[in-house]
Amino acid sequence: MVATQTAKPVSAPGAEHTVSVPGAAPSRIRRLSRAVLPGPAPGANGAALYRRWWLPWLWTAPAIVCAVVFGVFPFLNTLLLSFTDAKPLGGAASFVGLDNYTRMLDDSDFWLATRNSILYALIVVPLMVLLPLLLAILVEKNLPGIGFFRSAFYTPVLASSVVVGLSWQWLLADDGLINTWLEKAHLIRDAIPFLSDSWLILFSAMGLTLWKGLGWYMIFYLAALGNVPKELHEAASMDGAGAARRFWHITVPGVRQAMMLVGTLTGIGSLRVFTELYMLGGPTGGPGGADRTLPFYIKDVGLDPITGNAGYGSAVSVALFLLTLGLTLLAQRLTREDES
Amino acid sequence: MRARRLTGSLAWLVVVTLTAAGCGLSGGSDDGGATAGGCKVNEGNVGSGKLTGDVKGKITFQTTNLKKDFGGFFNGVIKDFEKANPGTSVKWIDDPGDNTFTQRTVADAQGCTMPDVINIDAPTATALTKAGYLLNVGVKDPDAAKPFVPAFWKSSTYKDASGKAAHTVLPWYTGGVLLTYNTDMLKKAGIDPAKPPKTMFGLFADYEKIAKSAKGKYFATMANPIWRIPADWDQMNIKTLSADGKSTAFADDPRTAQWVAWMAKLYKEGAMPKDSLSSSNDPSTPYSQGQVAYGSTNPSFVRFVKQNSPSVYAKTGVGQQPFDALGHTTAAPQYISVAATSKHAPTALAFAKFLTNAENQTAWCKDPKVVIFPTTTTSLDDPFFQNATGSDPFSQARKLVAEQLKTTTAYQTNVSPAVQKAIVSQVQLAMQGKKSPEQAVKDAQEKADELLKQAG
């Protein structure tokens, strides 16, 4: 009897003894938690209450309800609507099968919007990953008055998109600041059509997105840079590494996780861009609607209260979701590969 | 065991969500009670028969961007109504009235939370009437038409879900249309400001003259055709839509392609700022800054110039908008409607009628801060409108529009924002020289018809 007791594993008070069952490995987390966390013995002083299977569910219930109401339900509703001919103002909707998706494949306006969205992400994401990092390195040092520059670079983040859009309109107009300067410097004879050429509108909107986002992501990088050991830079300097080598071999690896996060967030944000193009390209999304992105197109085809088709708009929304999901998974895969 | 519970919980979650999603999809009540749109309502609010019930209870009243300038007036109207109807209370909400107004109002309607009395425009009225969210005032109050100018009342109708015309709105006030122009710029172009053009193409010819004389220093007008379609076509009596409103008809009229060709020519010749082709900006601001010769066609614009740019106001002239082939002007009144979902519909209807009655319309239209015109017969006959004097542009604008309103119709072609944008986009391409006018008109018709077809 005594020998049997001494053979039992030592554990914290209240912990269950693990039992080896072939084919069923005991939960490591469970064992660890019971080994570390103090608690009453099973069945003692009502402690069994804390072992109810539903208790964790109860604690997480508010979060689950919120996730279902504001996340899962709208998503599933959108998915279901994409197989119907629903109207924005409700009423009876009929299932139309894959009609909305087949229509999408033949819709040149959809493909134009998709091209614009992808192009937006492809150009904005790399720049948004790199430029705020360079900016953060510039303002990282504790020099007198550096706080002013940090605040100045952050200011565009605080401005409303509409106000920023109006400012950029004035900047990019045919008689705006940029064209006037270029003309006075005799660099151009005719104004550059920033606001009437469909390509230039798209690129101008990208510039606006970058300008408005730089300060925000600069803050991300400032936090990340604080975690890069200064000793590594000092050691590398002593070994004769220049600024560029130290940037690539010490700074970049040190902030890699932040870069991945910025890349993912910017990618999602780029695919959702609307205001910039509305402000610079007008209600039609540029001349001939050539600068519409997928959110712009969803608004036009799905949300118009009179002629909108919520079913088709939902199908385009699903396409946008898949595009976003694809980009996010790609970013995660890159992160994993990087870590390995 | 736990895995089974977890699976069960997830299955339950999915079933509940899908059921909820299914409910959201149908958007209606299946219990046989009275509904308006997807909302349960009092039986008296829908169907045939006069609306009866006590005028009492709390209602909400929503205007669009009026509180800043007219807070005193509307608070007075509300106070008078509450005094005349003890037991009533009116809560006033003022919406900013931006580009998302229609979408937000539609969302409110779907959520069964639309204000009881609401100021809406034609596109919103079209959508809400079709979906059944507005009280049919023509049916619910057979006397509702009496105060209004017959032409206004007759043309203020929208089609319900069955395609039948319904009076779901009360015409409130109207702005009218006229030409506003910088007389100096017209004179420099050799145009007599006292003799404004009588036709749309005559106006375009003047734009061309201005472009030649301005030599890029200023412009005739703004380029985005979104400000002109379909108003210009209305004045030219080009039918934008077919009689049943289910398809477009403008491509059948050769004058449409001519109109597009003119716009393309004017754009190319520099009569309009190139960067305004797709801009949201109307001519108000550039006119006040002396950058364009022709301003907005809204009479209230004259007040805007007077307040914001006295030097340009001193040079401003007003003239009659070309009636062209139509022979008379059209007006687009603002509307007051009552939500069919109102819990106190008799009170809401009573307030809507009180707000739009001759006395209140006349009082507001006489406000020196505004240039608007009433829609009731009694108020239009008021000497203030019929005997307007004064030679300043402000007084001239009042006089001119009041004169026009005697022969106006309230009807203006009412296309959805999406249809308008589909047409405008093609015209923009033609103006940039990327399509011929004929091809642009053909493509515009095709795209607009596609949208109208999906609307059913």
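The values are calculated or read from the model by the stated rules, or taken from the named source; none is laboratory data. None of these values were measured; they are calculated from a predicted model. Every residue, glycine as well, gets a Cβ built from its backbone with ideal geometry; the counts of neighbours run over all protein chains shown. Accessible surface is based on the protein model in full, side chains and every heavy atom, while ligands, DNA and RNA are left aside. Shrake-Rupley method; radii C 1.70, N 1.55, O 1.52, S 1.80 Å.
So the values come out like this:
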| item | result |
| --- | --- |
| Which numbered condition residue B:71 fails, given (1) under 29 Å from residue B:303 (Cβ atoms); (2) buried (at least 17 other Cβ atoms within 10 Å of the Cβ) | (2) |
| Verdict on residue A:122 being farther than 16 Å from residue A:220 by Cα, open to solvent by 40 Å² or more (accessible area, probe 1.4 Å) and not polar (S, T, N, Q) | yes |
| Sole exception among (1) farther than 29 Å from residue B:125 by Cα; (2) within 11 Å of another protein chain (Cβ to nearest Cβ); (3) at pLDDT below 90 for residue B:417, by number | (1) |
| Test for residue B:140: is it among the basic types (Lys, Arg) and in contact with a Leu (Cβ under 9 Å, 6 or more places away or on another chain) | yes |
| Scan of segment A:266-303 for residues that are basic (Lys, Arg) and within 13 Å of chain B (Cβ to nearest Cβ), ordered by number | A:292, A:299 |
| Residue in segment B:196-211 that is of a type in the set (A, V, I, L, M) and in a loop (DSSP other than H, G, I, E, B) present | no |
| Hits in segment B:284-321 - residues which are under 20 Å from the mean Cα position of the chain (by Cα) and in a loop (DSSP other than H, G, I, E, B) | B:295, B:296, B:297, B:298, B:299, B:321 |
| Of all residues making up segment B:399-413, the number that are open to solvent by 40 Å² or more (accessible area, probe 1.4 Å) and not β-branched (Val, Ile, Thr) | 6 |
| Subset tally (residues that are surrounded by fewer than 19 Cβ atoms within 10 Å (Cβ to Cβ) and hydroxyl-bearing (Ser, Thr, Tyr)) for segment A:224-253 | 1 |
| Residue selected from segment B:442-454 under the condition aliphatic (A, V, I, L, M) and open to solvent by 10 Å² or more (accessible area, probe 1.4 Å), by the criterion farthest from the other protein chains (Cβ to nearest Cβ) | B:452 |
| Which numbered condition residue B:439 fails, given (1) over 24 Å from residue B:154 (Cα atoms); (2) in a loop (DSSP other than H, G, I, E, B); (3) touching a helix residue (DSSP H, G or I) at 6+ places or on another chain (Cβ under 9 Å) | (2) |
| Subset of segment A:132-146 (residues that are surrounded by fewer than 17 Cβ atoms within 10 Å (Cβ to Cβ) and either touching a residue at least 60 places away in the same chain (Cβ under 8 Å) or not polar (S, T, N, Q) (or both)) | A:134, A:138, A:141, A:143, A:144, A:145, A:146 |
| Residue within segment A:323-340 that is facing another protein chain (nearest Cβ under 10 Å), crowded, with 18+ Cβ neighbours inside 10 Å and modelled with pLDDT of 90 or more present | no |
| Tabulated pairs, segment A:105-131, first within 16 Å of residue A:208 (Cα to Cα), second assigned to a loop (DSSP other than H, G, I, E, B) and at pLDDT 95 or above, C-beta under 7 angstrom, 6+ apart or interchain | A:116/A:291; A:116/A:292; A:116/A:293; A:117/A:293; A:120/A:293 |
| Qualifying residues in segment B:121-133 (those that are more than 8 Å from chain A (Cβ to nearest Cβ) and of a type outside the set (Val, Ile, Thr)) - the one surrounded by the most Cβ atoms within 10 Å (Cβ to Cβ) | B:132 |
| Restricting segment B:272-301 to residues that are closer than 13 Å to residue B:218 by Cβ and without any contact (Cβ under 8 Å) to a residue 40 or more places away in the chain, the residue that is most open to solvent (accessible area, probe 1.4 Å) | B:289 |
| Residues that are open to solvent by 40 Å² or more (accessible area, probe 1.4 Å) and either in contact with a Lys or Arg (Cβ under 7 Å, 6 or more places away or on another chain) or of a type in the set (S, T, N, Q) (or both), drawn from segment B:214-244 | B:237 |
| Selection count, segment A:78-101, where residues are at the interface with chain B (Cβ under 10 Å from one of its Cβ atoms), over 10 Å from residue A:309 (Cα atoms) and modelled with pLDDT under 90 | 4 |
| Qualifying position, being free of Cβ contacts under 8 Å to residues at least 40 places away in the same chain and either over 24 Å from residue A:284 (Cβ atoms) or assigned to a helix (DSSP H, G or I) (or both), among B:69, B:143, B:98 | B:143 |
| Odd one out for residue A:250 among (1) more than 10 Å from chain B (Cβ to nearest Cβ); (2) outside any helix (DSSP H, G or I); (3) aliphatic (A, V, I, L, M) | (2) |
| Pair list, Cβ under 8 Å, 6 or more apart: segment A:159-184 residue open to solvent by 60 Å² or more (accessible area, probe 1.4 Å), other residue among the aromatic types (Phe, Trp, Tyr) | A:177/A:170 |
| Any hit, segment B:214-234, residues being among the polar types (S, T, N, Q), under 17 Å from residue B:330 (Cβ atoms), part of a loop (DSSP other than H, G, I, E, B) and touching an Asp or Glu at 6+ places or on another chain (Cβ under 9 Å) | no |
| Close pairs (7 angstrom Cβ cut-off, 6 or more residues apart or separate chains): within 7 Å of chain A (Cβ to nearest Cβ) in segment B:422-439, of a type in the set (Ser, Thr, Tyr) anywhere | B:424/A:284; B:425/A:284; B:428/A:284; B:428/B:278 |
| Matching entry among A:149, A:83, A:95, A:73 (being more than 30 Å from residue B:455 (Cβ to Cβ) and either open to solvent by 60 Å² or more (accessible area, probe 1.4 Å) or more than 20 Å from the chain's Cα centre (by Cα) (or both)) | A:149 |
| Residues located in segment A:288-303, provided they are in contact (Cβ under 8 Å) with a residue 60 or more places away in the chain, in a helix (DSSP H, G or I) and among the charged types (D, E, K, R) | none |
| Residues of segment A:189-223 classified as open to solvent by less than 60 Å² (accessible area, probe 1.4 Å), farther than 20 Å from residue A:124 by Cβ and within 14 Å of chain B (Cβ to nearest Cβ), total | 4 |
| Residue A:306 vs. criteria open to solvent by 20 Å² or more (accessible area, probe 1.4 Å), outside any helix (DSSP H, G or I) and within 14 Å of chain B (Cβ to nearest Cβ) | yes |
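Here's the yes/no breakdown for (1) within 14 Å of chain A (Cβ to nearest Cβ); (2) basic (Lys, Arg); (3) closer than 21 Å to residue B:417 by Cβ; (4) open to solvent by less than 40 Å² (accessible area, probe 1.4 Å):
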site: B:62; (1), (2), (3), (4): no, no, yes, yes
site: B:77; (1), (2), (3), (4): no, no, no, yes
site: B:84; (1), (2), (3), (4): no, no, no, no
site: B:90; (1), (2), (3), (4): no, no, no, yes
site: B:95; (1), (2), (3), (4): no, no, yes, yes
site: B:102; (1), (2), (3), (4): yes, no, yes, yes
site: B:108; (1), (2), (3), (4): yes, no, yes, no
site: B:119; (1), (2), (3), (4): no, no, yes, yes
site: B:135; (1), (2), (3), (4): no, no, no, yes
